[in-house]
Structure formats: C-alpha cells, structure tokens
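Taking it in order: structure first as structure tokens, then the write-up.
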Amino acid sequence: MSKAEGYPRGEDDVIHATSSDNLSSEEAEFDAALSAVLASGLISGPDLSVVEEIRAEGESEGSGESEGEPGAETSSTLQPGATETERLAYLSELDERVEEIYQKIIARAPEHKVQPSLERVRLALDLMGNPQDAYRAIHVTGTNGKTSTARMIEALLREQGLRTGRFTSPHLTSVRERICLDGRAISREDFLTTWEDVEPFIAIVDERSKAQGGPAMSFFEVFTVMAYAAFAASPIDVAVIEVGMGGRWDATNVINADVAVLTPVALDHERWLGSRVEEIAEEKLGILKEGASLVCAWQSEGVRELVAERVRQIHAHLLLARRDLAVEEREVAVAGQLLTLRTPVARYEDVPLSLKGSFQAENAVLALAAVEEFFGGKALAGDVVEHAFMAVSSPGRLEVVRTSPTVIVDAAHNPHGGAATVDVLREYYPGTLVAVVGMMADKDVEGFLGVLEPACAHVVLTSIPSERAMPAEELAEIAKDVFGQERVHLQEDLLLAIDEAAALAESDPSAPMTYPAVVVLGSIQLVARARTLMGKPGADES
C-alpha cells in the first residue's frame, strides 16, 4: 500500500461546480443569443442578412426541413426495451451524423495554416457567454508526453471526487475522443447537441472574419470551442486541457488556468514553431498566466533559463523536476512499474503505475505535482494516488494490441519520443524486435529511424493514407542508409506489414529462448489504423 508523508501549504481550495439556468425553450435561448450579438457591439455593422440566415436555418431544423443535414434532429430515438438490433441501428445512425459533422469541420483550414490569433476563438466564446470561465483548469503543453500526463492529472482529480473534462488531440478512432467527460468520450448525443449549440456562433465569427479579410475558424478552433461549451454544459469542476501545437497562439490558450504543465521540449513542428528548442519553448511558455503555477519537466539548459525568466516576469510559481520534484525509486513490474515519488510537500512510496517506462514515471510526478498545486500545495492521500495511477491508461502509448507474438503500438513520431520508446522496449521486451514504421513527410525521418536502428533487428516500411504522409518507397530509401539494405523491408499494406514483421521477429535464430515483439510507430494515424486492425475498441468509449 502506498503512503504519503507531507504537510499542507495554505487552506483548502473550495471548488464549485458551476451550472446555468435554462431558459424555457431552445427558441428563446437562440433569440437571446442573437440579440446579445447585436446589442454587444462586438460585431460592428453586422450584415443582418447573415443573422437572418442563421435564424432561418434554426427554424428550418426545428421544423424538420433539414433532415439528413449535420445538426438536424435524429430521425428516430431509442425506445425503452429496444432490441439489440434496434440499438445498434440507432448507434449507427448517430455515428453517421457525427461523421458528417466531423467531415464538415475537418474541411476547414488546419490550425498551422491560419494566421496566429486568438481573436476568432475569443469572439465565439464571448458570444456564447464565455463558457470556459465556468470551471477551473490545468493546461498542459510540451513536445512529448502531453496526453499521458493529461490523463494522469485527470485520473488524480477524478479520484478526488471532482467532475472532469479532458481535451486532447489528435484522436485515435473517433473524433469524440478529443472531448472527454469524467474520463469517457463525449456521447454521440452530446456531441451532436454541442455542435447544434455552437454552430450559429461559429457562422457569425466566420462571417465577421471573412468580412475583414481574415480566414474562417480552423478545425482545431472549432473543436476547442465545442470542448469548452460541452464542459460548461455538463457541468464539470475542472478541465484538463492539452494544447494542439505550440502554446502562445494555440486555440486553447483563451482559458485562464491555475496550473500550467510543461513536459519535455524537443524539436518537432519546426516549420511552424522554430528550428531551435529555445524558440519552441518560448512559444509553449505562452500558456503560463500571471501569478499561476508552472510544473516543469527537466529541460535543456537554454530552456531552463527561458523558463526562469518567464516565471520571473509574470510572478508565477515554478516547480522544476529534479529540483522540486523527482522519481526517487523505480522498479519494473509485469503490468507497469512501482514508484517512489517526491514532490515539494510529500514523499509517496510504493505507488503502482499501470504505464510502462521511465518517461511515464517522469510524467507521473509532473501530474502529481500539478494536482497538488491545483489544491493549493496540499499533499494527496496515498490511496488516492495509488488508485488513480493503478487504473490510468493511455491508448496508443506502448499499448499491447496482440500477443503471440507481441504487437505493440506507440505514438512516438520524433527522435526524442523514439528514444524514450526504445528505452522501454529494451527494458520490457529483450527478445528480437522488429519495427513497422510509417511517417509524415514533415518529420525528421532519418533522425527517428536512427534512434530505432540499434534496438531493431529489421524495419518494415508501410504507407499511411494521408496527403502529408511520406510514400513508403521513399521511407525505405532513407531507411537503407540507416539500417543497411538487408534489414529494410517494404510492405504497403499495414496488416501485411505487421504479419511480415512478426515472421521476421520469430525467425531470428540468434534468440531462441527470448520472446520476439513487433512495434508499430511513427505516426498517430498509423497507430490508430493498427489498433483498429487488431480489434481494439476506441479510446475512452463508454
């Protein structure tokens, strides 16, 4: 049993779940929203035809005239006592409507192609009454480890009895995974309702931006607005928000978080964030607010200097790994690891963590310190930490999706992440290892393959159905320079690539007494496809 020894720093924080009064009807709420738009002056000289068009669309939906369009009422509802066939048909219909909405949103510009500005997201939320102000938040940025750290933070908060919202990206199977309520992907019905609620305001912001020569809201901006609205409607006590890319101009950065977390900073997205880790770190530090707390992973010397300067400038409170918090002991276990963690206020012994690898242990102490700071610097009960970390999962992160031979999927896609994954694979899977790799063309492919080469007997290159993806043939040519021609294999079809990798791993005559393994990595999209092929369910599905 884990135990925690420590002392509180300050009084208990009182956290209030915020709820809002509902108006008598959806029509009244819609009219009030439009009236607020016109009266606020936020849209100077609005084109009234746009407002009337939005109103007409809402009336059309209410009368059933737009049946089949995203946002329309469902054509059927699930009745009590429905058969399994009827239930599956109902869910299939909802899934089709969710997919229609997703395709409608994804057709917008990707975040990195939109001018750096928070104005569009701020305006949309302002028109909606600023739902992001209805709850407290913990904001997570960094290069690697953001999603796992966010999941651990959420697990600790939920174990404390709080209602949580978690916003992460990208998703593995369903877009609903990006918006989680109390640890579960937002339901199909709530996703559809949220879209219906926010769509009129998105349309108003699009019109205003275009009138001023700017772009429409990007897909990530729209999802951010949807997440913040869904959290307020739930309602939740605290949101755990992962940035999409960078920090300063990330759409999520309209929220005022009590605590910010900076995971390790490394080179990634250089085209948009900069070619030096210091440039990237400066963008990511843009999420830290005046007087807030920053829980920071160990960084390079240049990044540590930037962190110290930023904290000084805005009078923030800094907790730095290896100085204020640390993983003191770590023991490998079959199902994860056993940890002793030190924070500024406590020492937690014999904490079981269900996730593998030293980097996940480092993520765990960041999460623990962040939640302590959220509660005003108070130590958490040992059983709270034990139960949360024992139950936490992170799909697509060193996840075993098949056995005999073992097939693992991992979301690593840059050299820093790849090196961390290799360390874990060597520790837990000492037999012959074969990698299946597919990557995006804008990544450091040679650097990534370079960190895999010492650990992998062979590499099988495969394709990803994406315009951003590097063709498998091109990947193979780069891999031959790193692995040598005899160790490089090409298989366009992912399932066949996994089968070929398994055969290669099992045929190694030099390691007859060890267990072979296959690891699929290089891209979130590749990992998602592999999980689906192996029959794994969607992440966070209820």
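The values are calculated or read from the model by the stated rules, or taken from the named source; none is laboratory data. Every value quoted in this text rests on a predicted model; they were computed, and no experiment measured them. Here the Cβ is made from the backbone with ideal geometry for all residues, glycine too, and neighbour counts use every protein chain on show.
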Residues being basic (Lys, Arg) and surrounded by 20 or more Cβ atoms within 10 Å (Cβ to Cβ): count how many of those fall in the range 159-176. 2
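Is at least one residue of the range 352-359 assigned to a strand (DSSP E or B) and closer than 22 Å to ALA321 by Cβ?
Among the residues of the range 352-359, at least one is assigned to a strand (DSSP E or B) and closer than 22 Å to ALA321 by Cβ, which makes the answer yes.
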Residue satisfying all of: in the range 479-494; over 29 Å from the mean Cα position of the chain (by Cα) and part of a helix (DSSP H, G or I); surrounded by the most Cβ atoms within 10 Å (Cβ to Cβ) among these: ALA479
Per the filter on the range 425-451, residues basic (Lys, Arg) and within 24 Å of the chain's Cα centre (by Cα) are LYS443
Among what's in the range 425-442 and is out of contact with any Ser or Thr (no Cβ under 8 Å at 6 or more places or on another chain) and under 20 Å from ALA497 (Cβ atoms), pick the residue that is surrounded by the fewest Cβ atoms within 10 Å (Cβ to Cβ). ALA441
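Can you name every residue in the range 334-346 that is surrounded by 14 or more Cβ atoms within 10 Å (Cβ to Cβ) and not in a strand (DSSP E or B)? I'd like the intermediate steps shown before the answer.
Taking the range 334-346 as the starting set, the residues that turn out to be surrounded by 14 or more Cβ atoms within 10 Å (Cβ to Cβ) are 336-346.
Those that are surrounded by 14 or more Cβ atoms within 10 Å (Cβ to Cβ) and not in a strand (DSSP E or B): THR343, PRO344, VAL345.
Could you tell me whether LEU320 is in contact (Cβ under 8 Å) with a residue 24 or more places away in the chain and closer than 16 Å to PHE359 by Cα?
Values: in contact (Cβ under 8 Å) with a residue 24 or more places away in the chain: yes; closer than 16 Å to PHE359 by Cα: yes.
Answer is yes for this residue.
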Among the residues of the range 81-101, is any over 17 Å from the mean Cα position of the chain (by Cα), under 29 Å from VAL261 (Cα atoms) and outside any loop (DSSP other than H, G, I, E, B)? no
First in the range 425-442 and more than 16 Å from VAL332 (Cβ to Cβ), second anywhere and small (Gly, Ala, Ser) and assigned to a strand (DSSP E or B), Cβ under 6 Å, 6 or more apart: LEU433/ALA517; MET440/ALA469
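Tell me, which residue of the range 128-148 that is assigned to a helix (DSSP H, G or I) and touching a helix residue (DSSP H, G or I) at 6+ places or on another chain (Cβ under 7 Å) is modelled with the lowest pLDDT? Give the steps one after another, and end with the answer.
Of the residues in the range 128-148, the ones assigned to a helix (DSSP H, G or I) are 131-134, 146-148.
Narrowing further to those that are touching a helix residue (DSSP H, G or I) at 6+ places or on another chain (Cβ under 7 Å): 131-132, 134, 148.
On the way: PRO131: 98, GLN132: 98, ALA134: 97, SER148: 92.
My answer is SER148.
Given the options GLU305, GLU372, GLU349, GLU331, name the one that is of a type outside the set (S, T, N, Q), under 23 Å from GLU159 (Cβ atoms) and either in a helix (DSSP H, G or I) or assigned by TED's automatic domain parsing to the domain that holds ALA528 (or both). Before you say what the answer is, go through the steps one by one.
Details: GLU305 fails: under 23 Å from GLU159 (Cβ atoms); GLU349 fails: either in a helix (DSSP H, G or I) or assigned by TED's automatic domain parsing to the domain that holds ALA528 (or both); GLU331 fails: either in a helix (DSSP H, G or I) or assigned by TED's automatic domain parsing to the domain that holds ALA528 (or both).
Within the list GLU305, GLU372, GLU349, GLU331, the selection yields GLU372.
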(1) part of a loop (DSSP other than H, G, I, E, B); (2) among the hydrophobic types (A, V, I, L, M, F, W, C); (3) out of contact with any strand residue (DSSP E or B) (no Cβ under 9 Å at 6 or more places or on another chain) all hold for CYS456 apart from (3)
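So is LEU366 modelled with pLDDT of 90 or more, buried (at least 23 other Cβ atoms within 10 Å of the Cβ) and in contact with a strand residue (DSSP E or B) (Cβ under 8 Å, 6 or more places away or on another chain) or not? Steps first, please.
Numbers: modelled with pLDDT of 90 or more: yes; buried (at least 23 other Cβ atoms within 10 Å of the Cβ): yes; in contact with a strand residue (DSSP E or B) (Cβ under 8 Å, 6 or more places away or on another chain): yes.
Against the criterion (modelled with pLDDT of 90 or more, buried (at least 23 other Cβ atoms within 10 Å of the Cβ) and in contact with a strand residue (DSSP E or B) (Cβ under 8 Å, 6 or more places away or on another chain)), LEU366 qualifies.
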What's the number of the condition ILE464 fails, among (1) in contact with a strand residue (DSSP E or B) (Cβ under 9 Å, 6 or more places away or on another chain); (2) over 30 Å from ILE179 (Cα atoms); (3) part of a loop (DSSP other than H, G, I, E, B)? (2)
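Within the range 407-424, can one find any residue that is crowded, with 19+ Cβ neighbours inside 10 Å, more than 24 Å from the chain's Cα centre (by Cα), under 20 Å from ARG487 (Cα atoms) and not small (Gly, Ala, Ser)?
Restricting attention to the range 407-424, the residues satisfying the condition of being crowded, with 19+ Cβ neighbours inside 10 Å are 407-422, 424.
Filter once more, keeping what is more than 24 Å from the chain's Cα centre (by Cα): none.
The answer is no, given that none of the residues of the range 407-424 is crowded, with 19+ Cβ neighbours inside 10 Å, more than 24 Å from the chain's Cα centre (by Cα), under 20 Å from ARG487 (Cα atoms) and not small (Gly, Ala, Ser).
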Residues that are crowded, with 21+ Cβ neighbours inside 10 Å and more than 30 Å from ARG188 (Cβ to Cβ): does the range 520-535 have at least one? yes
Expected single match for within 17 Å of ASN363 (Cα to Cα) and outside any helix (DSSP H, G or I) among ALA420, ALA412, ALA435 is ALA412
For the range 325-349, name all the residues that are in contact (Cβ under 8 Å) with a residue 24 or more places away in the chain and within 24 Å of PHE374 (Cβ to Cβ). LEU325, ALA326, VAL327, LEU339, LEU341, THR343, PRO344, VAL345, ALA346, ARG347, TYR348, GLU349
Could you identify the single residue in ALA502, ALA517, ALA476, ALA457 that is in contact (Cβ under 8 Å) with a residue 24 or more places away in the chain and either surrounded by 22 or more Cβ atoms within 10 Å (Cβ to Cβ) or within 19 Å of HIS413 (Cβ to Cβ) (or both)? ALA517
